[in-house]
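Peer 1: Next up is a structure, given as structure tokens.
The values are calculated or read from the model by the stated rules, or taken from the named source; none is laboratory data. Bear in mind that the values here come from a model prediction, so they are computed numbers and not experimental data. Here the Cβ is made from the backbone with ideal geometry for all residues, glycine too, and neighbour counts use every protein chain on show.
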Amino acid sequence: MYDVVLVAFEGPDRYSFVGGLATRMIDLADALVDRGHQVRHIFVGDPKLPAVEERSDGSLILERWSQWISTYHPKDVYDGEDGKWRDFSRTVPAHLADLVIASAAEGRKSVLLFEDWQTADAAIATSAILNVRMPGAAAILWNANNTYGFGSIDFSLLRLAASITTVSRFMRAEMSAVGVDAAVLPNGIAERFLKPLPPAEARPLRVAFGDRPTFVKVARFDPDKRWLWAIDAIAFMRDAGARPRLLMRGSRNPYGDIVGARIRARGLSIERVALPTEAAF
């Protein structure tokens with residue numbers, strides 16, 4: 001059994017749940033707990049929720065970081081990102097080192113997994129502290145989900161601090177272009193997605209969707225995610241008389257304006273759906 005610490009900006013709070021990274025962290029934490037590991041997830045959480053919260057009978061501990069900054073930036077985890085990144089990079093490493101050393105004192109091994117560019121400096125600093133206080137006490141990994149923010153990462157130091165991984169062969173090729181040799185650790189599929197949908201849950205969907213073909217796309221607003229292809233496909237089906245519906249969720253990237261312009265150019269209608277803050281995922 002390992003003590004596993006997941007370190008990322010995104011997490012399970014609605015405030016922190018922006019895209020695929022949050023899903024990855026939530027599913028990974030659950031999978032590790034199911035396999036008997038003690039898991040701690042450090043993320044930039046909702047400033048209104050407890051700083052520390054136990055779940056899964058204490059096997060999963062959530063730590064909401066930089067809440068004092070998030071109080072002034074209530075929109076979401078990336079509101080005031082620069083200040084949160086600086087605070088995170090400065091304060092998380094010493095805390096992680098203390099956790100690793102405490103686990104080692106009790107005979108347990110630690111694995112630290114840092115995610116995306118916002119945590120790269122924290123990974124470097126954590127490694128430096130542990131190299132002084134207790135060398136070899138933890139396995140440190142840094143994972144890249146995309147290339148966003150690569151210009152802010154000192155890869156020469158990161159390579160010395162952590163084993164570098166990524167989520168796909170495509171991303172491995174992208175990282176190779178900047179001189180980084182990364183191991184591929186695919187996200188995989190959470191076991192809950194492989195279970196048949198109970199009839200009681202499928203029925204309301206059939207009623208809601210009716211006889212219209214319905215598609216779902218969730219991705220960052222980025223050219224790599226082929227949003228324009230998806231919009232054109234929906235327009236083509238409309239022109240063929242199929243009355244398609246696309247349920248979509250993007251991100252706050254500027255590329256969203258280009259996607260919106262393509263929707264309008266193809267004469268498609270848009271209806272925005274906003275869930276209340278207390279709504280369940």
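Peer 1: Looking for whichever is surrounded by fewer than 19 Cβ atoms within 10 Å (Cβ to Cβ) and closer than 22 Å to A122 by Cα here; the options are G20, G36. Which one fits?
Peer 2: On inspection, the qualifying residue turns out to be G20.
Peer 1: Quick check: anything in the range 214-237 charged (D, E, K, R), at pLDDT below 95, exposed (fewer than 15 other Cβ atoms within 10 Å of the Cβ) and over 23 Å from the mean Cα position of the chain (by Cα)?
Peer 2: For the range 214-237, residues charged (D, E, K, R), at pLDDT below 95, exposed (fewer than 15 other Cβ atoms within 10 Å of the Cβ) and over 23 Å from the mean Cα position of the chain (by Cα): absent.
Peer 1: Need the failing condition index for K84 against (1) touching a residue at least 24 places away in the same chain (Cβ under 8 Å); (2) on the phi > 0 side of the Ramachandran plot, just the number.
Peer 2: K84 satisfies all of (1) touching a residue at least 24 places away in the same chain (Cβ under 8 Å); (2) on the phi > 0 side of the Ramachandran plot except (2).
Peer 1: Another one. State all residues of the range 235-265 that are without any contact (Cβ under 8 Å) to a residue 24 or more places away in the chain and outside any helix (DSSP H, G or I); if no residue qualifies, say none.
Peer 2: A240, G241
Peer 1: Can you give me the ranges of the strands (runs of 3 or more DSSP E) entirely in the range 32-103 with at least 2 residues that are within 28 Å of G188 (Cα to Cα) and among the aliphatic types (A, V, I, L, M)?
Peer 2: Counting at least 2 such residues, we get 38-43, 60-64.
Peer 1: Shifting gears a bit: Search the range 1-14 for residues being modelled with pLDDT of 95 or more and of a type outside the set (V, I, T), and hand back the single one that is surrounded by the most Cβ atoms within 10 Å (Cβ to Cβ).
Peer 2: Applying the filter and picking the extreme gives E10.
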